[in-house]
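Encoded as structure tokens, the structure appears first; notes follow it.
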Amino acid sequence: MQKRCIQTVVLLFAFALISFPQARQYEFNDAHVHLTNYIQEGPSVREFLTLMGNRVGRSALFGIPLQQQWSYRVTGDRAPEYYLESDAKLYYYSFTDAAIARAYLSLSKDEQARFDPMITGFNPTDMYGADHIRRVLLTFPGVFCGIGEFTIHKEFVSGKVAGDVASLLDPALDRLLDFAEEAGLLVNIHNDIDVPFAKPNAPSMYLEEMKALLRRHPGTTIIWAHTGVGRVVEPIQNHAAMLADILRDPDFQHVDFDISWDEVAKYVTASPESLKISADLFNHYPDRFLFGTDALAPRTEEAYFKTYRDYGPLWPLLTKETREKILKTNYERVFDEAKRRVRAWEATHVASPAAVTSQK
């Protein structure tokens, strides 16, 4: 009997480890990952959950808001899968939000606890964009906790998007962030600090506009993706000092940064000097950075964990507390608060089944 009881306890404990990753020593939470690519393909949510395995506790869950057009006039029979593979336009793909919601709702409650879905299928130049976000929340209550990653200025992408060019000065963007504050939605925004191949020592093209946008929305929790850099948009001179200026400014206490993308890791780990500067910044502001992979529709461990591996030289330079916050607890604090606030908004705006029945 005693042996049977011990076996039962062991089995229950093993089940708990599988169902609740917070009960084990996972390596990180992923604040930035795309389940789909630029032609809206990728692994199923269950395949991705298997890829996360025991190494990743929780993950943001979003697709790509843009679809690469397959224009026969441009590429003929060759079907482009990435925005750099064709000169044809990109266009906003709103169905991505329904696809992410259906994927999330297909999971068990324990499996859902490992994901934090985000709304991306809106046009940030459209004054109706905020209405799309509201409509998604009302259609899929209990699912989403934020918006993004969405793009304003991005190298090689912004100029390819059909329709109006996104701008930090567009009232449509302010309307989006106003609604995000109202509903408690977390915001992940991609905005390069400069144009590609900027001249050395020239003033940053978009930094002041971005700071002005952030000041206009002090009640909106915002994650600035990739600290504002990109594949060819290199860190501006004294980039760490620029980030520190924002982090210590009382006007920007609602702003965090993610260090997702292997391209960002490339800059951080480029030299012993860049590693030291970055580590000093992170150790000084450990509450304000979140790790993310920025993996695009990953199907293999090699692809999914690449950014985490690329940051390998950085992790030993961080204090234990800083490493824990950037890799794990900052995510939990920010996303849990967003979920709490969005669920509270939904409780007052989503009609109950009884109310719906009474209105018929």
> Looking only at the range 151-174, which residues are farther than 15 Å from K89 by Cα, of a type outside the set (A, V, I, L, M) and surrounded by fewer than 18 Cβ atoms within 10 Å (Cβ to Cβ)?
Replying inline: S167, P171, D174
> Here are some conditions: (1) over 16 Å from the mean Cα position of the chain (by Cα); (2) modelled with pLDDT under 95. L138 meets all but one. Which one does it not meet?
Replying inline: (2)
> Does the range 27-47 hold any residues that are of a type outside the set (S, T, N, Q) and either part of a strand (DSSP E or B) or without any contact (Cβ under 8 Å) to a residue 12 or more places away in the chain (or both), and which are they?
Replying inline: F28, D30, H34
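Mind checking which residues of the range 313-353 are under 25 Å from T139 (Cα atoms) and over 23 Å from the mean Cα position of the chain (by Cα)?
A347, T348, H349, V350, A351, S352, P353
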> Does I64 meet the test of being in contact with a His (Cβ under 6 Å, 6 or more places away or on another chain) and of a type in the set (V, I, T)?
Replying inline: yes
>> Cβ contacts < 7 Å: first residue in contact (Cβ under 8 Å) with a residue 40 or more places away in the chain, restricted to the range 201-230; second residue exposed (fewer than 14 other Cβ atoms within 10 Å of the Cβ), any location; separation 6+ or different chain. Result?
In response: E209/L169
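With the requirement that a residue be in a loop (DSSP other than H, G, I, E, B) and either under 19 Å from V187 (Cβ atoms) or in contact with a helix residue (DSSP H, G or I) (Cβ under 7 Å, 6 or more places away or on another chain) (or both), what does the range 253-286 give you?
The answer is Q253, H254, I259, S260, W261, T269, Y285, P286.
Please find, within the range 94-116, the residue that is nearest to G129 (Cα to Cα) out of those that are touching a residue at least 60 places away in the same chain (Cβ under 8 Å) and of a type in the set (G, A, S). Full working, then the answer.
If we filter the range 94-116 for residues that are touching a residue at least 60 places away in the same chain (Cβ under 8 Å), which is where we start, we get 96, 99-100, 103, 106-107, 110-111, 113-116.
Add one more test, that the residue is of a type in the set (G, A, S), and what stays is 99, 103, 106, 113.
Values: A99: 18, A103: 23, S106: 27, A113: 28 Å.
Result: A99.
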> For the subset of the range 300-353 comprising residues that are of a type in the set (F, W, Y) and out of contact with any Pro (no Cβ under 6 Å at 6 or more places or on another chain), which member is surrounded by the most Cβ atoms within 10 Å (Cβ to Cβ)?
Replying inline: Y331
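Just checking, which of L177, L243, L247 is aliphatic (A, V, I, L, M), part of a helix (DSSP H, G or I), within 30 Å of T348 (Cβ to Cβ) and modelled with pLDDT of 95 or more?
Result: L177 is the single residue among L177, L243, L247 that is aliphatic (A, V, I, L, M), part of a helix (DSSP H, G or I), within 30 Å of T348 (Cβ to Cβ) and modelled with pLDDT of 95 or more.
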>> Considering only residues that are part of a helix (DSSP H, G or I) and touching a residue at least 24 places away in the same chain (Cβ under 8 Å), which ones fall in the range 77-93?
In response: Y83, L84
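Would you confirm whether any residue within the range 287-299 is in a helix (DSSP H, G or I), hydrophobic (A, V, I, L, M, F, W, C) and either in contact (Cβ under 8 Å) with a residue 24 or more places away in the chain or crowded, with 21+ Cβ neighbours inside 10 Å (or both)? Spell out how you get there, then give the answer.
Narrowing the range 287-299 to residues in a helix (DSSP H, G or I): none.
No, the conditions are met nowhere in the range 287-299.
Take the range 330-344 and flag every residue that is more than 10 Å from P286 (Cα to Cα) and not aliphatic (A, V, I, L, M).
So the first thing to find is which residues in the range 330-344 are more than 10 Å from P286 (Cα to Cα), and the list is 331-344.
Listed by number, the residues that qualify are Y331, E332, R333, F335, D336, E337, K339, R340, R341, R343.
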> Got at least one residue in the range 280-294 being of a type in the set (D, E, K, R), closer than 20 Å to G219 by Cβ and either modelled with pLDDT under 95 or touching a Cys at 6+ places or on another chain (Cβ under 8 Å) (or both)?
Replying inline: no
> Which residue, of T220, T227, is assigned to a loop (DSSP other than H, G, I, E, B) and under 20 Å from the mean Cα position of the chain (by Cα)?
Replying inline: T220
> Out of the range 48-76, which residues are farther than 15 Å from D110 by Cα, in contact with a Phe, Trp or Tyr (Cβ under 7 Å, 6 or more places away or on another chain) and assigned to a loop (DSSP other than H, G, I, E, B)?
Replying inline: R55, I64, P65, Q69
>> Looking only at residues that are in contact with a strand residue (DSSP E or B) (Cβ under 7 Å, 6 or more places away or on another chain) and of a type in the set (F, W, Y) in the range 85-121, which one is surrounded by the most Cβ atoms within 10 Å (Cβ to Cβ)?
In response: F115
>> Contact list please: Cβ distance under 7 Å, first residue in the range 259-279 and touching a residue at least 60 places away in the same chain (Cβ under 8 Å), second residue hydroxyl-bearing (S, T, Y), pairs at least six apart or on different chains.
In response: I259/T227; S260/T293; S260/T307; W261/T307
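The values are calculated or read from the model by the stated rules, or taken from the named source; none is laboratory data. The structure displayed is predicted, hence computed values, not measured ones. Counting neighbours? That spans all protein chains shown, and the Cβs are built from the backbone with ideal geometry, glycine included.
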